[in-house]
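Just so it is clear, none of the values below were taken in a lab; they were calculated from the coordinates. Worth saying up front: this structure is predicted, and the values here are computed from it rather than measured. Cβ sites come from the backbone with ideal geometry, for glycine too, and all protein chains shown count toward neighbours.
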Amino acid sequence: MLYHALMWSIGRIEQLAPDAAAVKAAQGVAKPNKWTGLGRNDAVLWGECAGSGANPYQVRVELESAAGKCTCPSRKLPCKHVLGLLMLMVGESVPSGSPPAYVQEWIEGRAKRAEAKVSRASAEERPPDPEAQARRAEKREARVEGGVQQLEAWLADIVAQGLAAVRAQPETFWSQMASRLVDAQAPGLARRVSSLSGLAVSGEHWQSRLLAAMARCQLLIDAYRRIDTLPPGLAAEVRTQIGWTQPQESLLAREGVRDRWHVLGHRQSQDERLRMQSTWLTGLASGRVALLLDFAVGNQPLPATFRIGQVFEAELIYFDGAPLLRALVKTRFESAPAIHTLPTAVDVSQLQSQFAALLAENPLLERWPVVLGPVTTLVDSSGTVLVDGAGRRVPVTANFHHGWLLAALAGGGTVSLFGQWDGEMFDPVSAEHEGRLFSLARIGELPVLSQVA
Amino acid sequence: MSGDHWSTITTAVTLGTQRGAPELGQVWPSSELSAPADQSAERALLRAAAANYLWQLAGVRFAPQNPPAIVPAPSTESRQVSEIAAWRLAKMLSGDHRELVSEWFSLAARAGSVLPLHWLPVALNGLHPGERASAAAVLGIRAQWLAQQNPAWAEMAVSTVGLPIDRWHNGTLPERRAALATMRAAEPAGALTLLQQSWQTEPPDVRAAFLETLLSSPGLSDGDEAFLEAALSDKRKDVRLAAVECLCRLPRSAHALRNIDRLRPLLVLTDVEKGLLSRFKKRQVEITLPESLDEQAARDGIQAKPAAQQRIGERAYWLMQMVAMAPPAHWCERFQCDIDAFLKAVLATDYATDLILALSQASVRHAAREWIATLSMELLQWYGQSERAFLASQMLPTLISAVPAAEQDAIMQRLFGACDPHQFQLLESVLVATDVEWSAETTRLAFALLEKRIQPDRNQYTYPRQLLERWGLRAQTETAQREILRLIERAGEPSPWKNALESLQSLLEFRLVMKQELLT
């Protein structure tokens, strides 16, 4: 099979689907007898599928980016035909061939559009009206300042009344403050406030957790007040945490970090409207870590560009912050053979020292990606604990359900884990055992360890 | 978070500064740190909390503890199920074609594969307790290791670990029954002695359950007769009936001989007449109904009254029960005839229906294979007849499931060959009764039958989709896959048949892929 086609599996196709119904529908479509003119080459996959309309739908998919197009009227993206076509390919029912005209046109169209986008981005940008822009920016600063003041007064009020008193408050007590902060154009603060309501009812030691989160809000407010005195990286971090975004166009104009990047972990999460995909990378030459974030609203698909273990040459641009973590792919070059091991791991003592050093750089740091190992997994009714070679123990996050799976995988031995450390708990994302790499995946609600092939 | 300062602050903030604030100078983690004097108590507390929080987060180091003692999992040489096959199992366990889970395990066992360690928890959590034993070969010894780590899976280990004798003495009822079956297979007489030791003290339900175990497991022999004969006097009816079932199957037992003696004057096949016209005269069955039921007959398990819904006289009912206990071979021996001749004579009597059912029951009890083959063809004829169709649909599955799997298929082939489309509907129950995969030939015949049925039913949707899906669970996948394409084409465009056939097709495809994943 060709290289890009190899990167596909049923699991990845399911990840790409907007919902479970689409997967089911796609399975119905993924039958060779429903298709004509099936074919693929190294980069693209195509075929015509008989539907309810008079003409068959023309379906094409670009393999590397998973971008697809179909002439069917479905509003789901990607539609069942695109998914079905990919399933056929995974089932090895699509022969190699050269693309027909409609595919060729689409490829050329895409190349043109991509070029246009790049030239738009790289063209010297002259703001249409610098004065208006400055006015807007000033207005936002003023609004945020108002929001910060409200939040500070609100926090102080809670401390005056006592946590015990606000615990009895309804959910709206927290959500109203969060919406005021959204209105004040400080979405980062709004997110922090929304998360407080959950902590207030989080069981034993809730006071401690709620107080810590409120204290961190205060720290952020104080940092924002003194932003002019902070080093530039930390200042950018503070602005990001308050809720300013860094425009990707201007970031893309910068010089990036070129390296061979190894994908260590991958995770999707969802809040009310937004689905977020995190992909963690490490540079094979530089040893740096990077986090790529993708967002999708509603039924929009998340790009299925990366797979755990994959290695590719690329130029990455870091967002401003301290320490640098979030990044963008500026240019992607060729892929290299996948690596099914995790990079050098730290033990618990190194994990703690390393995190302390990072806190010194940025006291607002919430979590940091790291490879921990080798560790033994201990599971009991109270949760999962990881034990390193020296016998030091760290707990994993409370909503972790893969404990028994890891214990079984290790078979009484040890594993290495890639995950996020927040100073108190470890949140595993992927695991390595004896040269085999596993992602901590789910089938519906069912936690599974899926070996990366 | 811990520490004196932290708890001082937490307490103060929980109660609220309106109720009093702590000494603000005393709550900072280090004397070098303190808040400016001009701030409010609330802000000062929050800032001190932040400082303490970071102080601890950055400063605390976990102390080493004794490393945990975990026994390493036993290593295995067995071939492992592929990742993609295991992934499919997990999806099945979470609801996608859940009914095929047992087939998945039997295919994996056939391939001699075991489940990789990291999939074991998924299987142990997802399997029903009853399925675990049959999956044991694929779960492997490492599942027992895992069960020792997690109490929730402990029952996994209990049912297979230890000696049967220990489980017999200490186990739950299902475990004791399993232990009894194991011991009977190894040493029938020894197991019987064990059973007799505790027999008097077992509760009645348990006694009946153990007799059922004797019946269903290998090892039943004349050596058990004395014990069973004694059980005929048990206080509990369930126990007595279970003992009768066992004794029925011992043709040399006193119980069986008493039954034959009772039958001798009641059912007689006339002799072959000598002379010129003999070839035109058929042998006939002459029936005399028993006059009364004596005490011994009642003790031997002949019920006095038929169930309310059974349309049969009392005396005829007694006779049928006796026929149903006697080994069918008895008739051929006694009257020097073959099965067909005897059945022909039986069918000519007024009691044809009841006698055929009684003989069927006897054939099931004595696993009389030739009789089952012949009787099932007779029962097939009942399918077109409204009043007997129901009786046949109940008896035929029982008959077929009484012979070994390989012979079931042969019987079904004969049935399918002889069946015409209007008998089709009731034949379905037979298909569903067997739990083995059909042979290629049976599958082909079944689909040929289905094809005939589709033609007249073009506009009528009488076969529920589930029923075809149950076909799909038994059919030999490769053959069925070929047949179904032709059928779908035949079904015509806007037909409900087509929908049902397509969903049957996707089930077959699922099974086919599952098989490929496990066997190649």
Checklist outcome for this item: Footprinting proxy, B:Met514, A:Met276: sorted fewest to most Cβ within 10 Å, the residues are A:Met276, B:Met514
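Considering all alpha-carbon pairs of segment A:348-451, what whole percent are spaced by more than 17 angstrom? Each step should come with its number before you reach the end.
Numbers: 2695 of 5356 pairs.
Tail of P(r) above 17 Å: 50 percent of Cα pairs.
Summing -39500 (n - 2.57) over the DSSP H runs of n ≥ 4 in chain A and dividing by its residue number, what mean residue ellipticity at 222 nm do you reach, to the nearest 500 deg cm²/dmol?
Numbers: 14 runs with 175 residues, N = 453.
For chain A, the value works out to -12000 deg cm²/dmol.
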Next on the checklist: I need the shape label for segment A:3-122. Rule: rounded when a/c is under 1.5, else prolate if a/b > b/c, else oblate, with a, b, c from the alpha carbon gyration tensor.
Outcome noted: rounded
Checklist entry - Using DSSP loop states and a limit of at most 10 other Cβ atoms within 10 Å to flag GluC sites (Glu not before Pro), what is the longest stretch of chain B containing no flagged site? => result B:292-520
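Note down the net charge around A:Glu313, summing +1 for each Lys or Arg and -1 for each Asp or Glu among other residues with Cβ under 14 Å from its Cβ. It would help to have the intermediate numbers written out before the result.
Numbers: positive: A:Arg258, A:Arg260, A:Lys330, A:Arg332; negative: A:Glu64, A:Asp259, A:Glu315, A:Glu334.
For residues surrounding A:Glu313, the net value is 0.
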Checklist outcome for this item: Looking only at aspartates and glutamates whose Cα falls under 13 Å of B:Lys305's and that sit 8 or more positions away or on another chain, we get B:Glu314
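Return the percentage of antiparallel bridges among DSSP beta bridges fully within the protein assembly as shown, rounded to the nearest 5 %. Please report the intermediate quantities before stating the final value.
Numbers: 78 of 84 bridges.
Of all bridge pairs located within the protein assembly as shown, approximately 95 percent are antiparallel.
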Checklist entry - How many Cβ atoms of partner chains, on average, are near each residue of B:84-92 if near means within 10 Å of its Cβ? => result 4
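For segment B:4-59, go through all pairs of different Cα atoms, get the mean of 1/r, take its inverse, and jot down that Kirkwood value in Å. Don't skip to the end; give the middle numbers.
Values: mean 1/r = 0.0885 Å⁻¹.
Mean inverse Cα-Cα distance, inverted, gives 11.3 Å.
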Checklist entry - Among all stretches of chain A without exposed trypsin sites (Lys or Arg not before Pro) (DSSP loop, at most 13 other Cβ atoms within 10 Å), which one is longest? => result A:274-453
Checklist entry - Based on the mean of other beta carbon atoms within 10 Å per residue, what is the order of B:68-75, B:348-355, most packed first? => result B:348-355, B:68-75
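Based on the Cα gyration tensor of chain B, what are the three equivalent ellipsoid semi-axes, each the root of five times an eigenvalue, rounded to whole Å and given largest first? Intermediate results must be reported in sequence, preceding the final value.
Details: eigenvalues 896, 233, 96 Å².
After diagonalising the Cα gyration tensor, the semi-axes are 67, 34, 22 Å.
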Item to check | Cα-derived Rg to Rh of chain A, Kirkwood definition | outcome: 0.99
Checklist entry - How much of the calculated P(r) for segment B:164-250 lies past 14 Å, in percent of all Cα pairs? => result 59
Checklist outcome for this item: For B:Lys498, counting only lysines whose alpha-carbon sits under 23 Å away and dropping same-chain residues fewer than eight positions off, the answer is A:Lys24, A:Lys31, A:Lys34, A:Lys80, B:Lys452
Checklist entry - Residues of B:5-18, mean number of Cβ from any other protein chain within 10 Å of their own Cβ, rounded to a whole number? => result 5
Checklist outcome for this item: Applying the gyration tensor rule to the Cα atoms of segment B:323-366 (axes a ≥ b ≥ c; rounded if a/c under 1.5, else prolate if a/b exceeds b/c, else oblate), the class is oblate
Item to check | B:Ser217 long-range amide H proximity, modeled H, under 5 Å | outcome: none
Item to check | Cβ-based charge dipole, chain A, positive-most Cα from A:Val329, A:Ala164, A:Gln241 | outcome: A:Val329
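Taking only the alpha-carbon atoms of segment B:299-434, what semi-axes of the equivalent ellipsoid follow from 5 times the gyration tensor eigenvalues under a square root, in whole Å, largest first?
Numbers: eigenvalues 112, 65, 42 Å².
Listed largest to smallest, the semi-axes of segment B:299-434 are 24, 18, 15 Å.
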Checklist entry - Rounded, prolate or oblate: which fits segment B:79-158, taking a ≥ b ≥ c as square roots of the Cα gyration tensor eigenvalues, rounded meaning a/c under 1.5, else prolate when a/b beats b/c? => result prolate
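What are the semi-axes of the equivalent ellipsoid for the protein assembly as shown, taken as the square roots of 5 times the Cα gyration tensor eigenvalues, largest first, in whole Å? Present the calculation step by step, with values, prior to reporting the outcome.
On the way: eigenvalues 1055, 293, 118 Å².
Each semi-axis is √(5λ); the values are 73, 38, 24 Å.
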